[in-house]
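The values are calculated or read from the model by the stated rules, or taken from the named source; none is laboratory data. Remember, it's a predicted structure, so these values are computed and weren't measured experimentally. When we count neighbours, we look across all protein chains shown, and the Cβ atoms used for this are built from the backbone with ideal geometry, even at glycine.
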Amino acid sequence: MRCVDIDTRRTVPAWQVLLASPTSICALGVLGFAYWLVLLSFLGVGGKERDLALFVISTLLLAPVCAAAQVFLIRPDFRSPKSRPVETVNCWTAITLLAALASISFIMQATGNAGNFWVQNARWAVVGVAILHITGMAVAIRHERGHRLSIPEVLNSRTFQLISLIFAFFISGITLFWVDRSVSLFIGLFTAPPFSEEPGAFKLGYALMFALFGLAAVATLGRFEAALIQKGAKVLQTVRTAALCVAVLATIIVFFDFSLANDLAHYLTNLGPALHLLHGGRLMVDTFSQYGPGPVLITLIGLQIGPTTFGTAQITVQFCNLAYYGAWLICLYRMNRWKLAALLLGILSIAFFFASYIRGYGNINDAPSVVAFHYLPTLLMVLALSCLRPPQRHSLSTALATFVSGLWSVDTLIGTLGVHFAFLGLLGLRDRALTRLITDGLRAIGPAVVAIIAMMLAVRLQAGVWPDYGTYLQYLSSYNPLATYWSIDANPLFFGWHAMLLAVFVVFADAWIRVLRQTTHLTDMDDKVLSYRFVPMAALLMVQAAYFVGRSYPSALSLAILPFCAIAVPAILSVTAALVVTKGPARLLALIPVAIGLWVFTFTSLSLFRQSSPYSLLLHECRDLGRCSPPAIMRGLSETLHVRPLLETVRRPINQGWIDTDDIVRDAVAMMIRWAPNEPKVTVLLGRLHPELSFTATELALVYAGKWSRWPRSFTLTDELVEPLAQRIIAAPVRLREGELVLVRRDETALGLIEAGILRRIRAEVTLCRLPDSSKGVIAYRVGGPTGCRP
């Protein structure tokens, strides 16, 4: 990115051209963020209300406010080597604030104080800086009005301000990333490498070598593409297109996870409803999922193609995730001038995304909801908008993305419409076309309305009744940012999300500056690139970062890595290219992105290349399991596809202690095979396998026996979250026939609300006759006849 307010005909350092305007407004953004945070604290706003208020203010309000201040109040002249007094005060106040907060962190860690020490002192540090800021602004205003004051030249130097502010961002970013563990987090990578105590740990030296090789490869591709651009080579577009195809194909091959790891509770959220549909359930009538109907239908398609196993559900999710990565690479390609280097950085970013999930101990494919099953339709909207040609606002692709989102889920639809509305709103305000803005908004909503009507008609024709959207929406009472069941308060010592916040802030601030004054730009991107590519990606970053704000688990922040990298990579490539060719001390600034890349890629190597990695990628299959040929790989995949988690040991278990040690599931499966071999539905009431597990043994037993429940259950855990749905399941018009099999957990206290209610109803309506092959954990019954149990 580079500022266009500078007359490039003058001798102006290229790196200063690139960084002056964005860093100047970032100083305002940092001050505004800190002031709002302390103000909310003094107003007594805490907990999730504080987290949500700060997120909304930071993402939606800071950018237009700071843009207005920059355009109408500060009015910086970036053609001058010296900044104006007001800008000087803002810059040095921001530097002072960042230095103060970082120093408190160092003091806390040096003295061994608890986190409250930083929180309390940081609050008063911000208050002190605010007083200093007000005083400085008063002095600057007097200076502007003719009361000339002696200000040291070095403080007015734009170059010195810029270098100081960049280093302040870098140091504070490291120190404040996670206040009570940042030093160990970043320095410890080299002094005490993570995963080093695990068997088969990857050596730090090799990891550094791979990181350096990756950085060198990025630089080589950049130089190669620059040479092609300078020569005006006709093969340039061919090379770029071929590189994009190779990158997408390589991503699919390299990042397919053969371990088929899955979190059973999360996968049952889709697998359970899909199996219910296979056995006569009716979507959105008696079959529901918290993730919405779209993921359930995708899972159902997977089960129609492959065997009814958790592995099939996991492969279905992976195909969707790989489609997400491919679409993201295309967006990244379209957002960069240096496309070859950007594609390589994109692949490395996906690797880092895999490596960083749950600090390197989690598998991104463990749960189906964290990537494509939530965000693929929204990313397709971003891609569709990037392919529009001005002055287009809509296309068949945008309508299709919205239509799919309308069928997918309510949260996906909100995210997709939010991306489109951000794009339409900023363009409409920039063009002063308010009437068109209203028309465009209605056109954007249209496909969603059509999708909802289509869903209603399809359900009506298939089931004979209208879909029950009310029950589906009641899941939001448990899964929302304010629900104690689902979320926690944010850790006040974790600021790892501030870099993502700044990325959103810079993009939106540039867009708002063009709205307020069309002749003024924050960066040199033309309106098409900014509005059609960066604004939608920044909106997607907001949507995916909102999951972290809702959950507030620091590991949830990694879910927003890819949209953040899509914004950061173009800036890093442009700035680094300018710094490398400059002369003087400013060239040392190039070490910052290099140091960041070295740390990121070293951690990625340590995490992914170790033998105990939670993934089994192509590398692991060949190196660790000897499956190097395509036939061997496919045989191994087929074996893993049919593995039954909890009954059998899997290669990458979530928790080895979750094995069915009491044989509850195993016995129930054996009883169903013996006593009901031809029955597609069986009444099974087994309760939770272990108290700490968030799923019942019932669903597992039914899946492994190839059957489903006689009662209209989708997934017991989530069904019980909606009280009316739970009572409706208990009162369902199910009439047990004489001789039907009923399996009940011997320890009936393990049964939850639904299963306990079903058991009470069964005993009130029929006689249960105990069968002789009951086990220590499960009792098998037959439904007795009118005369009771036969001898």
- Residues that are exposed (fewer than 13 other Cβ atoms within 10 Å of the Cβ) and either closer than 25 Å to LEU725 by Cα or at pLDDT below 95 (or both), drawn from the stretch 439-461: ILE453, LEU457, LEU461
- Identity of the residue in the stretch 480-531, in contact with a strand residue (DSSP E or B) (Cβ under 9 Å, 6 or more places away or on another chain) and either in a helix (DSSP H, G or I) or among the hydrophobic types (A, V, I, L, M, F, W, C) (or both), that ends up nearest to PHE169 (Cα to Cα): PHE495
- Task: Please enumerate the residues belonging to the stretch 202-222 that are surrounded by 15 or more Cβ atoms within 10 Å (Cβ to Cβ) and either free of Cβ contacts under 8 Å to residues at least 40 places away in the same chain or under 13 Å from PHE603 (Cβ atoms) (or both).
- Result: PHE202, LEU204, ALA207, LEU208, PHE210, ALA211, GLY214
- Could you please tell me which pairs satisfy a Cβ distance under 7 Å, a separation of 6+ or placement on different chains, a first residue in the stretch 437-465 that is within 18 Å of ILE414 (Cα to Cα), and a second residue that is assigned to a helix (DSSP H, G or I) and of a type in the set (S, T, N, Q)? ALA444/THR402; PRO447/THR402; ALA448/THR402; ALA448/SER405
- Item | Qualifying residue in the stretch 573-588 (condition: modelled with pLDDT under 95 and under 19 Å from VAL382 (Cβ atoms)) | no
- In the set ALA227, ALA140, the lone residue that is more than 29 Å from the chain's Cα centre (by Cα), small (Gly, Ala, Ser) and surrounded by 15 or more Cβ atoms within 10 Å (Cβ to Cβ) is ALA140
- So, of the residues in the stretch 136-149 that are out of contact with any Leu (no Cβ under 9 Å at 6 or more places or on another chain) and more than 13 Å from ASN90 (Cβ to Cβ), which turns out to be modelled with the highest pLDDT? ALA138
- Would you point out the residue of the stretch 729-748, among those that are of a type outside the set (A, V, I, L, M) and in a loop (DSSP other than H, G, I, E, B), that is nearest to LEU702 (Cα to Cα)? GLU740
- Query: From ASP526, ASP510, which residue is at pLDDT below 90 and among the acidic types (Asp, Glu)?
  - Reply: ASP526
- Query: Hey, any hits in the stretch 540-558 for a residue that's within 24 Å of ASN491 (Cα to Cα) and part of a loop (DSSP other than H, G, I, E, B)?
  - Reply: yes
- Query: If you take the residues in the stretch 354-370 that are closer than 16 Å to LEU617 by Cα and small (Gly, Ala, Ser), which one is surrounded by the most Cβ atoms within 10 Å (Cβ to Cβ)?
  - Reply: ALA355
- Any residue in the stretch 408-420 that is within 19 Å of the chain's Cα centre (by Cα) and acidic (Asp, Glu)? yes
- Could you grab the pairs with beta carbons closer than 7 Å, sequence gap of 6+ or different chains, first residue in the stretch 749-760 and within 14 Å of ALA697 (Cα to Cα), second one among the hydrophobic types (A, V, I, L, M, F, W, C)? LEU751/LEU685; LEU751/LEU759; ILE754/ALA726; ILE754/ILE729; ILE754/ILE730; GLU755/LEU685
- For THR683, indicate whether it is assigned to a helix (DSSP H, G or I), touching a residue at least 12 places away in the same chain (Cβ under 8 Å), of a type outside the set (A, V, I, L, M, F, W, C) and surrounded by 14 or more Cβ atoms within 10 Å (Cβ to Cβ). no
- Task: Write out, first by first residue and then by second, each pair whose Cβ atoms fall under 7 Å of each other, whose residues are 6+ apart or on separate chains, and whose first residue, in the stretch 621-632, is surrounded by 14 or more Cβ atoms within 10 Å (Cβ to Cβ) while the second is polar (S, T, N, Q).
- Result: ASP624/GLN611
- Message: Test of understanding: among PHE195, PHE186, PHE160, PHE170, which residue is in contact (Cβ under 8 Å) with a residue 24 or more places away in the chain and under 24 Å from CYS91 (Cβ atoms)?
- Response: PHE170
